[in-house]
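Asker: Below is one structure. I have some questions about it.
The values are calculated or read from the model by the stated rules, or taken from the named source; none is laboratory data. Values in this document were obtained by computation on a predicted structure and should not be read as measured data. Ideal geometry is used to build each Cβ from the backbone, glycine not excepted, and the neighbour counts take in all protein chains shown.
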């Protein structure tokens, strides 16, 4: 008995490639990259101006600074003389639960709340979410940033979504959570770019996983720029001498003096 | 003495993020993702319609079929229960010299020829490249495809570049090589999507490495779609039983009978 | 205020390297690799014959067959022309929750049960675990194999642990679960290599995470062999034509005929 | 026509697994991990005491310090909340041409010289290699270390190889190169661990690629220890604030003041 791998994404023929049933060349003639991303991930062309919002989101998330850990990981691997696909892969590997992945967790939270509430009262839902997190002693994913308050990217993206008619209940809920957090804690915990992404992706109908996915896609552009710069300007092993290390382990046959701050293998 | 990591790409302040000297929010208001990619990788805004061509290129390269090895690698890793960043990273790792990487090799070839020739005669340059490859018994990277002849993506991208006024000497050289290859070998070796990407990226001023880089970026969109589909529909271990394996190794303490076609760890 | 990264693992001086407080050269003179692994991961030298058991475990887990998905992922990436570190990394990325990762989940289960039970009655604990899994409709990680019944590796490893005096309550519990599973379901669900690894690692005092870690380490040896063979014998793109694909997606502007079974990008 | 993937490494049957023709359980009863690695990579059991030397080499290369870039990459990815297989994969990705990969380059050099010279005069061969590198203005891979002079690991490994009767022409050549380098440059450029590994692997009959491969395998043990420690003790985002960054890019719409030293995404 023959086994098949099934897919509903694309198929290639000698004379054409079809993606989600459309000829790829027709798509290339008519679609922005944002629209193509929507089609690939949702299986249909955007019903409204989602392609425009996605373009804006990809621009906003493409780059932050050399201090982002994914950027740091990618440059470290490039600096060791591995090829670009390997360096970018290492950078993307760093987009985990604590870095970029908060978008997925936030989207799960927002989508569950919007799905559950019948009728949906945004202030009640927000208060419940904040209360639950406080009771569990947990930080809410997507809120708070070590540098930005507010995060100018979140502010801008929500304004743009409103302009395009794409701000729905998830955006409203995210904003209500900021208010509820302030009321509950007295602290300002602004929506960060992960949270904004989560709300917008949710209002456009993306699965929570794709909040993380869209961040991966956008940030790949920034990673390429950093890897290119690292190959061009970085001396081999340049990252290593920079760390201040304190040894806290046992001293059995050795001495307790601190080791030198230097690299090597 | 303090050591610094230098970068010319971006910096983050409390109230703003600057990329290549521009406020990220200004960029988000005015740029397509294609323009942002140009800015990130070349350090300045596109002088002409390069952003539009990049958008089209990203759409065209975003997806081909489930048979692409990078897609296969990403789905295999997703199928094993690793997270999305890990699956996409594995897919990108497969964009090596024999898959997607041909664009970089082709761009090196085209850029070296255009740089060297003074004055630049495209037919002479093409004939020399073909002769050199034939003498060395090598395939030219970027030419020939196992399925497409011509590759509809290459045909379309060149037409689009002409429309946008962005087809220059590298595009002309790539086309002349196809003619010269046919004259020399009697075989049709059409420009493939790697070759088209190489020529277009070169005419827009990208370094050869970024031919591979742009492919990585575009294909990440397709990888996201496949990984999402794999999580949703793929049974664990489903890839493994499919391979027909023939054991060719020694039989020391065992038997020569062929092993069963099945998976496992 | 200066910030430090703390570590208790190692430090390097001009004249020596210290690992967990021992001079690396002293370790090299006196330790097997199994003992070194124990020291690295547990912070002290093995009190008994754990180094011998670890050597045996590493041998047993080093290789299974080309059908293992991690092997498949590594060979696919090598076949695309990426370097060995990139191919091995992709293979390791596939050691997720459904492939190799079951050892970690099984170790969590076993350790929680042994820790909780006061006094520890192995048959009662096993029956409770089986009952809980059945009630939740879940498979128990570490039990059952699509090819082996029993898994000769599990049988051998437990015998070896007994011989070395290293089989404790986690090994006893794992065996009791097999019996309880059979009593409950009527089916034979033998301990597989993940489950054996989980029990042995737990009896030696490893954290559950290291059940997965030890599998990663051992299997890296097999991945190296496969990647080496792939570079030596694999034609580029050889994996791709092998998949039987059935397209299940929409047909909007195209046709419903099945696409050809072929590779490409 | 059916297509097959051929392999000479292993096959799995219901009742047994065979590696290179041997029953895996027989191997587990009789082999150290070092002997298993030799069998996997060379296709036959060690003819002499190669298994012992490999064990020692694996211990010596398993760990250096937290400053090794592969360790740094792995910890960065672990710190971001990605799973262990993803963090270890990123660490291995960093074992590129400038970090661990020098062993492969050195092995190529040594093996080519030993193969070419008829009769083989070690001093002449060493002088030729040093002369060639000096003429090309290149560093010799495998010689020189930023911290160690001599590298205690190289000294120890060569002594051990002699003790085991496994030091052959490649070891002799490596030592002669150190002498020739000193004579030519007046500087002390001791054999480092990559160079020692290259010479020993070559004398044992490994392909150059496996010099890098053996380093990957050994260092995976150290990476596991660091990733485990990072999960246990590292605060999220802790790596990022540490870098001193100097922005060197354009200031178009922004200001020239330096950005704050902080992390974020």
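Asker: Could you run through the range C:201-231 and say how many residues are more than 10 Å from every other protein chain (Cβ to nearest Cβ), over 13 Å from the mean Cα position of the chain (by Cα) and either surrounded by 24 or more Cβ atoms within 10 Å (Cβ to Cβ) or not in a helix (DSSP H, G or I) (or both)?
Answerer: Applying the first criterion (more than 10 Å from every other protein chain (Cβ to nearest Cβ)) to the range C:201-231 yields C:201-205, C:208, C:211.
From the residues that got through so far, the ones that are over 13 Å from the mean Cα position of the chain (by Cα) too are C:202-205.
After this cut, where a residue has to be either surrounded by 24 or more Cβ atoms within 10 Å (Cβ to Cβ) or not in a helix (DSSP H, G or I) (or both) as well, the list is C:202, C:204-205.
So the answer is 3.
Asker: Within the range B:156-176, take every residue that is away from chain A (no Cβ under 14 Å) and touching a strand residue (DSSP E or B) at 6+ places or on another chain (Cβ under 9 Å) and give me the one that is farthest from residue B:112 (Cα to Cα).
Answerer: By that ranking, first place goes to B:175.
Asker: In the list B:182, B:148, which residue meets the criterion of being touching a helix residue (DSSP H, G or I) at 6+ places or on another chain (Cβ under 9 Å) and over 30 Å from residue B:43 (Cα atoms)?
Answerer: B:148
Asker: Considering only the range D:86-100, state which residues are outside any helix (DSSP H, G or I), buried (at least 24 other Cβ atoms within 10 Å of the Cβ) and at negative phi.
Answerer: Of all residues in the range D:86-100, those outside any helix (DSSP H, G or I) come to D:94-100.
Cutting the leftovers down to buried (at least 24 other Cβ atoms within 10 Å of the Cβ) gives us D:94-96, D:99-100.
Answer for the range D:86-100, where residues must be outside any helix (DSSP H, G or I), buried (at least 24 other Cβ atoms within 10 Å of the Cβ) and at negative phi: D:94, D:95, D:96, D:99.
Asker: Is it fair to say residue C:89 is under 26 Å from residue C:194 (Cβ atoms), in contact with a helix residue (DSSP H, G or I) (Cβ under 8 Å, 6 or more places away or on another chain) and more than 10 Å from chain A (Cβ to nearest Cβ)? Show your work before the answer.
Answerer: Numbers: under 26 Å from residue C:194 (Cβ atoms): yes; in contact with a helix residue (DSSP H, G or I) (Cβ under 8 Å, 6 or more places away or on another chain): yes; more than 10 Å from chain A (Cβ to nearest Cβ): no.
No.
Asker: Something else about it: Does residue D:118 meet the test of being modelled with pLDDT under 95, more than 19 Å from the chain's Cα centre (by Cα) and away from chain A (no Cβ under 14 Å)?
Answerer: Values: modelled with pLDDT under 95: yes; more than 19 Å from the chain's Cα centre (by Cα): yes; away from chain A (no Cβ under 14 Å): yes.
Taking the combined requirement at face value, the residue satisfies it.
Asker: Does the range A:135-148 contain any residue that is assigned to a helix (DSSP H, G or I) and farther than 30 Å from residue C:81 by Cα? Outline the logic, then answer.
Answerer: As a first pass, look at the range A:135-148 and keep what is assigned to a helix (DSSP H, G or I): A:135-136.
Next, from what is left, pick out any that are farther than 30 Å from residue C:81 by Cα: A:135-136.
Yes - at least one qualifying residue is present in the range A:135-148.
Asker: How many of the residues in the range B:140-151 are modelled with pLDDT of 90 or more and surrounded by fewer than 20 Cβ atoms within 10 Å (Cβ to Cβ)? It would help to see each step written out before you state the result.
Answerer: First, the residues of the range B:140-151 that are modelled with pLDDT of 90 or more: B:140-143, B:150-151.
Still in the list and also surrounded by fewer than 20 Cβ atoms within 10 Å (Cβ to Cβ): B:150.
Looking only at that region, the number is 1.
Asker: Select from the range D:232-253 the residues that are at pLDDT below 65 and surrounded by fewer than 22 Cβ atoms within 10 Å (Cβ to Cβ) and write down the one among them that is farthest from the chain's Cα centre (by Cα). Steps first, answer last, please.
Answerer: Within the range D:232-253, the subset at pLDDT below 65 is D:237-244, D:253.
Those left that are additionally surrounded by fewer than 22 Cβ atoms within 10 Å (Cβ to Cβ): D:237-238, D:241-244, D:253.
Working: D:237: 29, D:238: 28, D:241: 30, D:242: 28, D:243: 27, D:244: 29, D:253: 46 Å.
This residue is D:253.
Asker: Restricting to the range D:67-77, name every residue that is at the interface with chain A (Cβ under 9 Å from one of its Cβ atoms) and more than 24 Å from residue C:34 (Cβ to Cβ).
Answerer: Within the range D:67-77, D:67, D:69, D:72, D:73, D:76, D:77 meet the criteria.
Asker: Going through A:24, A:40 one at a time, which residue ends up being under 19 Å from the mean Cα position of the chain (by Cα) and either at pLDDT 95 or above or within 26 Å of residue B:25 (Cα to Cα) (or both)? Steps first, please.
Answerer: On the way: A:24 fails: under 19 Å from the mean Cα position of the chain (by Cα).
Answer to the selection: A:40.
Asker: Also, quick follow-up: May I ask you to verify whether residue B:198 is within 13 Å of another protein chain (Cβ to nearest Cβ), touching a residue at least 60 places away in the same chain (Cβ under 8 Å), touching a helix residue (DSSP H, G or I) at 6+ places or on another chain (Cβ under 6 Å) and closer than 29 Å to residue B:71 by Cβ?
Answerer: No.
Asker: On to the next question. Could you go through the range A:71-85 and let me know if any residue there is buried (at least 24 other Cβ atoms within 10 Å of the Cβ) and farther than 21 Å from residue D:90 by Cα.
Answerer: No, the range A:71-85 has no match at all.
Asker: Would you check if there is a residue in the range D:59-66 being within 14 Å of chain B (Cβ to nearest Cβ) and either at pLDDT 95 or above or not in a helix (DSSP H, G or I) (or both)?
Answerer: no
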